[in-house]
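Here's the structure, in structure tokens; my notes come after.
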Amino acid sequence: MSDRQDILIIGGGSIGLNCAYYLLRAGRKVTLIDSGSVADGSSTGNAGHIVPSHIIPLAAPGVIAQTIKWLLRPSTSPFAMQFSFAPDYLQWLLRFVRNCSQGNVDRALSPLKALGELSAQNYAHLIDEEGIVCNYQQKGLLYLYRQVAALRAGCEEAELLRSHGVAATIYDHQELRRLEPAVTDTVVGGILYPGDANLNPGLFLQQLALRVRGLGGEIHEHCPVHQLQGRNRRVCGVVTRCGTFCPEEVILAAGSWSPEVVRGLHLDVPVQPAKGYSITMAAPPDTLRHALLLGEQKIAASPMGDLLRFTGRLELSALDMSVSYWQIQTIMSAARRYLNFPRLPEHITSWAGLRPTTPDGLPIIGRTELYPNLILATGHAMLGISLGPGTGQLVADIACGRKPVLDPGAFAPSRF
Ligand SMILES: Cc1cc2nc3c(=O)[nH]c(=O)nc-3n(C[C@H](O)[C@H](O)[C@H](O)COP(=O)(O)OP(=O)(O)OC[C@H]3O[C@@H](n4cnc5c(N)ncnc54)[C@H](O)[C@@H]3O)c2cc1C
């Protein structure tokens, strides 16, 4: 397989499939390869929240102190980290600590807002235009709090977001009960971000993959990339189990595996996997009306038609997708403190996925300086669904040499 292809995308998760769709719409010839199945892996079992309100990066002031508190009570904490002396991991941690500053938040707010809003608009448009059926609902994201201090901190954050043009409404317990009858008596208040939305990510991506094929995109599954060959400032060969590809342009959208795929090219792609879990069950009769975020525990709850999903936990870990049943139980017992249901039914699907996390909390999108025909589209951490269609459009602009739909400077790979 050595004919010259136009564009080769590595990775068929949320980011790779969205890139493929927008590139095909721009008239490019696209081949996408994945080591497993497309529309699978980390992009399917997640909460499916589309959150343009989420503009504060993971690396922010106060995060280190909170992290230390969580590490001191490991059994019930929403956060965990492995201890490793791997140089990439230690360098990542050092960079993350340095980025937990107001300066990093100030740098990130506008670019994350622009990309989040573009993505949210693109979702509405794409789902409508392509007739995608995926339990998409635009009812906002509702945060619930059980502790007055946490609600107060949530309100301060809402004020900050409002000052950046993000709509937010604060509710007391009685109002919350009318909005979401399942909340328990211990929930003291909540905040609704009405511009947010949610969907079933697996359904959305499976249908997006069909559209990609329908538009002429070639998809090779179970075709892992073994090596990228670089010569004269070009990636000239992509060696895979199915042969060697020689594309004009390569787009790296391999999520948490991105550093592994480019190993040998001497590129700095600081992405670490952060594992999380989900539990999916048949929705109880009076299922949730809104997508929820259970504030103190950082657990997401997502109604998806006749399914209900809970997700939680962030473990800085290795490339390991194993499910911890202890963590599944912990997530469910924490969720029951906020919601009067569910009793865990007999049949549940439990899942683990990896968030590709960068040390400054911004994704990496753009051409690399060492190999200008290699575009990175990775590092979306907890926002890979939310930012998918915006990233797809931005990457299509970059690859086609068009004026980008938004300023991509803050996402440039060269910042590392
Ligand atoms: C519990 C949990 C809840 C989450 N909730 C949300 C949410 O509500 N909203 C949101 O926006 N995000 C959420 N996320 C984050 C989101 O799931 C990720 O950001 C997203 O999946 C990243 O997409 P991606 O396409 O970059 O990577 P992936 O989905 O990981 O896709 C990468 C693809 O690359 C392929 N690949 C890897 N190595 C190779 C290779 N060598 N050759 C070829 N292919 C390869 C993989 O098989 C995979 O298909 C959540 C994550 C978790 C874990």
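The numbers here are math on the coordinates, done by the rules we state, and not lab data. These numbers were taken from a predicted model, which means no experiment stands behind them. Cβ placement follows ideal geometry from the backbone for every residue including glycine, while neighbour counts extend to all protein chains displayed.
Observations on the model:
- Label-to-label distance, nm, for residues given as Q102 and T76 (7 Å Cα→Cβ offset): 3.4
- Scoring 158-167, 38-47, 234-243 by mean Cβ neighbours within 10 Å over their residues and listing the highest first yields 38-47, 234-243, 158-167.
- 3J(HN,Hα) from dihedral phi, the range 234-242, Karplus parametrisation 6.51/-1.76/1.60, rounded to Hz, x for glycine, proline: 9, 7, 9, x, 10, 8, 10, 5, 9
- Counting neighbouring beta carbons within 10 Å and listing from fewest to most, the residues W92, W326 come out as W326, W92.
- Charge dipole magnitude, Cβ of K and R +1, D and E -1 - the range 41-152, Cα centre, debye nearest 20: 700
- For the chain, calculated [θ]222 nm from helices alone, where every DSSP H run of n ≥ 4 adds -39500 (n - 2.57): -9500 deg cm²/dmol
- In sequence order, calculated HN-Hα J values of the range 311-319 (Karplus, 6.51, -1.76, 1.60; Hz; x Gly/Pro): 10, x, 6, 10, 10, 5, 9, 10, 7
- In terms of the mean number of neighbouring beta-carbon atoms within 10 Å, the peptides 56-66, 392-402 order highest first as 392-402, 56-66.
- Histogrammed with a bin width of 10 Å, the alpha carbon distances of the range 170-315 distribute as 9, 26, 25, 20, 14, 7, 0 percent, first bin at zero.
- Crossing angle, helix 148-162 versus the chain [Cα axis fit, 0-90 degrees, rounded to tens]: 50
- With pairing defined as another cysteine C-beta under 4.7 Å, the cysteines of the chain that fail it are C19, C100, C134, C155, C236, C246, C400.
- Between V148 and R25, the contour length at 0.36 nm per residue exceeds the Cα-Cα span by 39.4 nm.
- Residue by residue, the range 296-301 carries 3J(HN,Hα) couplings of 5, 8, 6, 9, 9, 10 Hz when phi is fed to the Karplus relation 6.51 cos²θ - 1.76 cosθ + 1.60 (θ = phi - 60°); x denotes Gly or Pro.
- Measuring r between the beta carbons of F83 and H164 and using R0 = 45 Å, the FRET efficiency lands at 0.75.
- Fewest-first sequence of K275, K69, K298 by Cβ atoms within 10 Å of each Cβ: K69, K298, K275
- Stretchable slack from A282 to S37, in nm (0.36 nm times residue separation minus alpha-carbon distance): 85.7 nm
- Against the chain, whose longest principal axis comes from its Cα atoms, helix 325-336 is set at around 50 degrees.
- Listed by chain and number, the lysines placed with their C-alpha closer than 28 angstrom to that of K403 are K29, K113; residues fewer than eight positions away on the same chain are left out.
- C-alpha long axis of helix 87-99 to longest principal axis of the chain, angle in °: 60
- Cα centroid of the range 115-183 to Cα centroid of the range 30-63, whole Å: 18
- For the range 283-332, size of Cβ-based charge dipole, Lys and Arg +1, Asp and Glu -1, in debye: 80
- Pair L319, K69: separation of 7 Å Cα→Cβ label points (nm): 3.6
- Calculated from the alpha-carbon coordinates, the chain shows an Rg and a Dmax of 20.7, 66 Å respectively.
- Taken about its Cα centre, the chain carries a charge dipole of roughly 480 debye when the Cβ of each Lys and Arg holds +1 and the Cβ of each Asp and Glu holds -1.
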